[in-house]
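See structure below.
The values are calculated or read from the model by the stated rules, or taken from the named source; none is laboratory data. Everything numeric in this text was worked out from a predicted model, so none of it was measured. Here the Cβ is made from the backbone with ideal geometry for all residues, glycine too, and neighbour counts use every protein chain on show. Surface areas here come from the heavy atoms of the whole protein model, side chains and all, with no ligands, DNA or RNA. Shrake-Rupley method; radii C 1.70, N 1.55, O 1.52, S 1.80 Å.
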Amino acid sequence: MTGPQHPGDASEHYVDPAPFNPHVTRELTAEQERYFQASQWQIMWWKFRRHRVAVWSAVVLILFYLCVPFAEVIAPYEANTRDSKFLFAPPQGVHLFHEGSLRTPFVYPMKAKIDMNTLQWTYQQDRSKPMPLRFFCSGDKYEFWGLFKADFHLVCPPKGGSFYLLGTDRLGRDQFSGLIYGARLSLTVGLVGVAISILLGLFFGGIAGYFGGIVDSLIQRLIEIMRSLPELPLWMALSAALPVTWNPVWIYFGITVILGLLDWPGLARAVRSKLLSLREEEYAQAAMLMGAKPSRVISKHLLPGFTSHIIASATLSIPGMILGETALSFLNLGLRRPSVSWGVMLNEAQNISVVTIYPWLMAPVIPIIIVVLAFNFLGDGLRDAADPYK
């Protein structure tokens, strides 16, 4: 039946004259069918792609982490190579034009001398002699992943010249090469530390949320005690307890274990609160009534329900661990030379007078800021993608 429903209503209301059939299924579009059949991870990926800042942050982090396995190839020098002719050398720029003509990338040679009035190293560029850089070349020798010796580099200084893109420190060590090698320790310390933190957080949070009662009370009191301790002094005390005679590799693992052991309480509380609510769900109750062991109920039925939340929490914890290692190494309580990390490099910039005269010694601050911000933006994107209400 069609027609106006009210005399004063100028618009018409159309009604389908076909009889109602409850057995007729609604036809879905291809896009709707794709969405309804998608898994939880596919939906998270689609939501994450809409967060442009988080996507670009992930790209930046991937580029940084490419330096971890290929540091020896990317860096033009070995991390601890010294050049006594260029102490506190300023950054050496790369040029493409010389006297108006286009050339392959080159640098101008530098001449060093000491200012007898200020006792400061000064450098002057000789712009009459451009020196082309070498690419895919042989340079400082190294052991690739400790497996075999090699000397291949993506870029090398000119023959008979130097290439210090970010300058040198007080011993003539290349700052740019130090940043590349330092990424290996500074970036992986967060990953290893978070892995330890996740394992402890899932274990203690899982048994506290599943069993409750006296077990939950004991774990909560332990968490409250650990969270009441001042973080930085505790880091310093535990790091100072590491023997100075240890190999740098063992000191590295000691720092990561310390950071992981002190970071799990926050994740454990998040896991506990989730399990307290999820264990009352029908599927969890059915698994327990069928005789499933607590370990199976927790690992197979409860934890997968908030895996996405754990990933987001872990991503947001990595910057804190990177900053923790940087702070300890800066205070000379963490890694030390010959190990190279961004915190170890910043240890050279403790004297404010040195920083004022040689500001390029603060170069490690730039990648630290970029990586920390990228992890924070990535964590925000993952958290929004994992939220079922967004």
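Comparing ASN376, ASN80, ASN21 in a Gaussian network model of the chain (Cα springs below 10 Å), the most mobile by mean-square fluctuation is ASN21.
When the Gaussian network model of the chain links Cα atoms closer than 10 Å, the mean-square fluctuations of LEU61, LEU229, LEU316 top out at LEU229.
Using only side-chain charges placed at the Cβ, +1 for Lys and Arg and -1 for Asp and Glu, the dipole size of the chain relative to its Cα centre rounds to 1160 debye.
Among LEU218, LEU333, LEU187, whose mean-square fluctuation peaks in a Gaussian network model of the chain (Cα, cutoff 10 Å)? Per the Cα network of the chain with a 10 Å cutoff, LEU218 tops the list. Here MET131 sits with roughly 40 square angstrom of accessible surface, probe radius 1.4 Å. Of all lysines in the structure, the ones whose alpha carbon falls short of 19 Å from that of LYS47, not counting any fewer than 8 places away in one chain, are LYS390. Relative to the current alpha-carbon distance between MET288 and VAL365, full extension at 0.36 nm per residue lengthens the span by 22.5 nm.
Work out the FRET efficiency for ARG170 and ASN117 from their Cβ-Cβ distance, taking R0 = 22 Å, and round it to the nearest 0.05. Display every interim value, and only then the final one.
Working: r = 20 Å, r/R0 = 0.91.
Between ARG170 and ASN117 the formula returns 0.65.
When you restrict to C-alpha pairs under 8 Å that are six or more residues apart and normalise by the size of the chain, the relative contact order lands at 20 percent. The Cα atoms of region 92-163 give a gyration tensor whose axes a ≥ b ≥ c have a/c of 1.5 or more with a/b no greater than b/c, which makes the shape oblate. In straight-distance terms, cross-link reach from LYS141 covers every one of the lysines whose alpha-carbon lies under 21 Å from its own, apart from those fewer than eight places away in the same chain; here that gives LYS85, LYS149, LYS159. As a fraction of the 1.4 Å probe accessible area of region 178-386, surface on carbon and sulfur atoms comes out at 70 percent. Available extension along the chain between SER128 and GLN37 is 26.0 nm, counting 0.36 nm per residue and deducting the alpha carbon span.
In the context of the full set of protein chains, residues of the chain present 58 Å² of accessible surface per residue (probe radius 1.4 Å, heavy atoms only).
Placing unit charges on each Cβ (+1 for Lys and Arg, -1 for Asp and Glu) gives the chain a dipole about its Cα centre, and among LEU96, ILE196, PHE36 the Cα reaching farthest toward its positive end belongs to LEU96.
The distance from the alpha carbon centre of region 53-123 to that of region 191-208 is 40 Å, rounded to a whole number. Listed by number, the DSSP H helices of the chain that run 24 Å or longer by alpha-carbon position along their axis and have mean Kyte hydropathy of at least -1.0 are 175-211, 248-278, 307-330, 365-386. A dipole drawn for the chain from +1 and -1 charges on Cβ atoms has a positive end, and of PRO76, MET288, SER273 the residue lying farthest that way is PRO76.
The overall shape of the chain is oblate: from the C-alpha gyration tensor, with semi-axes ordered a ≥ b ≥ c, the ratio a/c is 1.5 or greater and a/b is no larger than b/c.
Between LEU242 and ASP151, the distance separating the two model label sites (each 7 Å from Cα on the Cα→Cβ line) works out to 3.4 nm.
By definition, a body whose alpha carbon gyration tensor gives a ≥ b ≥ c is prolate when a/c is 1.5 or more and a/b is larger than b/c, and region 178-386 fits this prolate description.
Placing a pseudo-label 7 Å from each Cα along the Cα-to-Cβ vector at VAL354 and PHE136 gives an inter-label distance of 4.0 nm.
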